[in-house]
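Report on one structure; see the data block that follows.
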Amino acid sequence: MTVNIISIAHLTTDKDGSPKVILESCQTTYENLVVKALNGVKGEILQSLKSLLDKFMPDVMCPVPDMMLTLLNGMLKDMSGTVPPSSSGALQNTPNRLLINFPTAYGQKMCYV
């Protein structure tokens, strides 16, 4: 079975001005579900399993992107404490990734997260 996790998140700032990514929604889809059973009961088992997966899969899988965002927010907070984006650089939310742009001795340095 293959499980796809589809999450929507947005970039904001918390009370102290640090950048923070917040999870707005999470959905799961699954593919390649294979059930081996007798032909007569295969449809019933597959339907029962499908309804069970529809009900429980988001509860099981959606904490994964939430944990990842918690780690990312910790890194962003540490980074903004060391190099405050407001005075030394900038955060830019692009459609595919978060762009961290900060100056260096040799010019601008960009880092994709």
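Coordinate-derived values only; no laboratory data. What you see is a predicted model, and the numbers here were worked out from it, not measured in a lab. Virtual Cβ from ideal backbone geometry, glycine too; neighbours counted across all protein chains shown.
Annotations for the structure displayed:
- Taking 18 Å as the straight-line reach from the Cα of LYS15, the aspartates and glutamates in range (excluding those fewer than 8 positions away in the same chain) are ASP78.
- Cross-link partners of LYS36 among aspartates and glutamates (Cα-Cα below 17 Å; sequence separation of 8 or more within a chain): GLU44
- Between the beta carbons of ILE8 and VAL41, assuming R0 = 41 Å, the FRET efficiency works out to 0.60 to the nearest 0.05.
- Span per principal axis, largest first, for the Cα atoms of region 2-84 (Å): 64, 16, 13
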